[in-house]
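Below is one structure, written out as structure tokens; comments come after it.
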Amino acid sequence: MTNPILPGATLGVLGSGQLGRMFAIAARRLGYRVHIYSPDVDTPAGQVADQEFSAPYDDLEQLAEFARSVDVVTFEFENVPAAVTDCIQRHCPVYPSGYVLSVAQNRIREKSTLRDAGLAVPDFREVTSAEELHAAVSDLCVPSVVKSALGGYDGKGQAVVHHPDQVDEIWATLATEQAILEQFIDFECELSVVGARNSQGEFVHYGPFRNAHTNHILDVTVCPSGLPVDVNERAISAARRVFECLDVVGVLCVELFVTKEGQILINEIAPRPHNSGHLTIDAHKTCQFEQQVRAICGLPLGDAGQHADAAMANILGDLWNDADPCWQALLACDVKLHLYGKTEARVGRKMGHITALADSIMDADKAVRAARECLLNK
């Protein structure tokens, strides 16, 4: 990029969920227009965008029209067909690049690329049949984790192999032609580092954030991590190396395991803002979504300094049950509420999040969990 894309220009987003919504809010605050593209209508992102293109991702004519209407395009989810980025790149730049997207879309390609760059990842094997899975399980031993190479999130498309006798049933359930078997990591905790990099090579980072999951879905994130300085520094160093080896322009999250022995292993990458980074909206000088705007537009990146210790808790559709949550009770608490404008609550569906700031992560964690419990006071 030779010239920055300045306020007043139009930014395009592929995908229309909550990440696109929060990106659009940040972009409009900076004076940009925002166009959204996805197959859906009345979406979280579309509700706050200037224009919502509702068409399938394989409609190349609509994609071209969308691309011609904007100055740059970014992603809010990574499962975009390669043909989409190929089409858009003929009309405007796309950040992160199609190459970064292709690495993140395939778990085998992802792990192989990071390993070949000298980064530490769990030991893994590629498998394409039940027979190969049997051999891989014998090689890596049990327990181990098998995952579909393509797709899957929040624990979908994967299973833990506890005994070789499970292999045939697990392979049939996955119903995939390509999978990855990974060494099972008995980790101490899970971290994520969200970073941003612009076309000039400037890099900033948040965190690391420490994450707690329930049923494979992120439940609560705290920042700072509360871990020793050297662990944090090694996590940040690993994230920086990912950005450099993939030549990332934009925002990307590196998800990591910290083992019982203190080793840092990269679990996966997400070439977009991340659920764990939502607390940056309230807790940091420049949130991850504003950094995404700045990075893809070739602008100087913002100060990622933190105002106070913070915790973020997801609000899932489970809380609706037969009635709406008690918003009045929650809003009486000293927290920040963010709802995504989704019209249908479903079990496991992310409907919003809550952020609490405090003098310690322990106090912030306690406050955000207590506030979420208030939603049940119906």
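Please treat every number below as a calculation from the coordinates, not as lab data. Just so it is clear, the model here is predicted, and its values are computed rather than measured. FYI the Cβ positions are ideal-geometry reconstructions off the backbone, even for glycines, and counts take in every protein chain you see.
Over the chain, with a Gaussian network built from C-alpha contacts below 10 Å, which listed residue (Ser144, Ser276, Ser225) shows the highest mean-square fluctuation?
Among Ser144, Ser276, Ser225, the largest mean-square fluctuation in the Gaussian network model of the chain belongs to Ser144.
Assigning unit charges at the beta carbon (Lys, Arg +1; Asp, Glu -1) and nothing else, what dipole magnitude in debye, to the nearest 20, does the stretch 123-183 show about its Cα centre?
On the way: 3 positive and 11 negative charges, 41 e Å.
So the magnitude is around 200 debye.
Quick one: grab the alpha carbon gyration tensor of the stretch 187-374, order the square roots of its eigenvalues as a ≥ b ≥ c, and give me rounded if a/c is under 1.5, else prolate or oblate depending on whether a/b is larger than b/c. Don't jump to the answer; show the numbers that get you there.
On the way: a/c = 1.76, a/b = 1.48, b/c = 1.19.
Cα axes put the stretch 187-374 in the prolate bin.
Can you tell me, using C-alpha contacts under 8 Å and at least 6 residues apart, the relative contact order of the chain as a whole percent?
With pairs under 8 Å counted, the relative contact order is 14 percent.
Just to be sure I understand: of the beta bridges DSSP finds with both ends in the stretch 1-107, what percent are antiparallel, rounded to 5?
Values: 0 of 14 bridges.
In the stretch 1-107, approximately 0 percent of DSSP beta bridges are antiparallel ones.
Checking the table Lys336/Lys366; Lys285/Lys342; Lys147/Lys366; Lys111/Lys342; Lys111/Lys156 against a 23 Å threshold on Cα-Cα, which pairs fail?
Details: Lys336/Lys366 14 Å; Lys285/Lys342 28 Å; Lys147/Lys366 34 Å; Lys111/Lys342 34 Å; Lys111/Lys156 18 Å.
As for pairs spanning more than 23 Å Cα to Cα, those are Lys285/Lys342; Lys147/Lys366; Lys111/Lys342.
Rounding to the nearest 20 debye, state how big the charge dipole of the chain is about its Cα centre with +1 on each Lys and Arg Cβ and -1 on each Asp and Glu Cβ. Show your work: numbers first, answer last.
Details: 31 positive and 50 negative charges, 213 e Å.
That gives the chain a dipole magnitude of about 1020 debye.
What is the extension gain from Asp334 to Glu65, computed as 0.36 nm multiplied by their sequence separation minus the C-alpha to C-alpha distance, in nm to one decimal? Present the calculation step by step, with values, prior to reporting the outcome.
Details: separation 269, 0.36 × 269 = 96.84 nm, distance 4.50 nm.
Stretched fully, the Asp334-Glu65 segment lengthens by 92.3 nm.
Among Ala27, Val121, Tyr340, whose Cα sits farthest toward the positive end of the charge dipole of the chain (+1 at Cβ of Lys/Arg, -1 at Cβ of Asp/Glu, about the Cα centre)?
Looking along the dipole axis, the top candidate is Ala27.
To the nearest 20 Debye, how big is the dipole of the stretch 6-134 about its Cα centre, given +1 on the beta carbon of each Lys and Arg and -1 on that of each Asp and Glu? List each step's numbers first, then the result.
On the way: 11 positive and 18 negative charges, 115 e Å.
Once rounded to the nearest 20, the dipole reads 560 debye.
Looking at Leu252, Phe66, Val84, which one has the Cα that reaches farthest to the positive end of the dipole of the chain (charges on Cβ: Lys, Arg +1; Asp, Glu -1)?
Comparing the listed Cα positions along the dipole, Phe66 ranks first.
Using the Cα gyration tensor of the stretch 123-183, with a ≥ b ≥ c the square roots of its eigenvalues, what is the shape: rounded (a/c below 1.5), prolate (a/b larger than b/c) or oblate (neither)? Walk me through the numbers on the way to the answer.
On the way: a/c = 1.42, a/b = 1.33, b/c = 1.07.
It comes out rounded by the Cα gyration axes.
Out of Ser148, Val194, Val204, whose Cα points farthest toward the positive end of the dipole of the stretch 147-268 (charges: +1 Lys, Arg; -1 Asp, Glu; placed on Cβ)?
Of the options given, the answer is Val204.
Counting helices only, and only those DSSP H runs with n ≥ 4, report the 222 nm mean residue ellipticity of the chain as the sum of -39,500 (n - 2.57) divided by its residues, in deg cm²/dmol to the nearest 500.
-9000 deg cm²/dmol
Does the chain come out rounded, prolate or oblate by the C-alpha gyration tensor, with a ≥ b ≥ c the root eigenvalues, rounded set by a/c under 1.5 and, if not, prolate when a/b is larger than b/c and oblate if not? Walk me through the numbers on the way to the answer.
Working: a/c = 1.37, a/b = 1.13, b/c = 1.21.
Here the chain falls in the rounded category.
Hey, fewest Cβ within 10 Å first, where do Lys366, Lys342 land in order?
On the way: Lys366 14, Lys342 19.
By the 10 Å Cβ count, ascending: Lys366, Lys342.
If packing is taken as the mean number of other Cβ atoms within 10 Å per residue, what is the order of 69-79, 190-200, 53-63, 107-117, highest first?
Numbers: 69-79: 22.0, 190-200: 24.4, 53-63: 15.7, 107-117: 18.1.
Final packing ranking: 190-200, 69-79, 107-117, 53-63.
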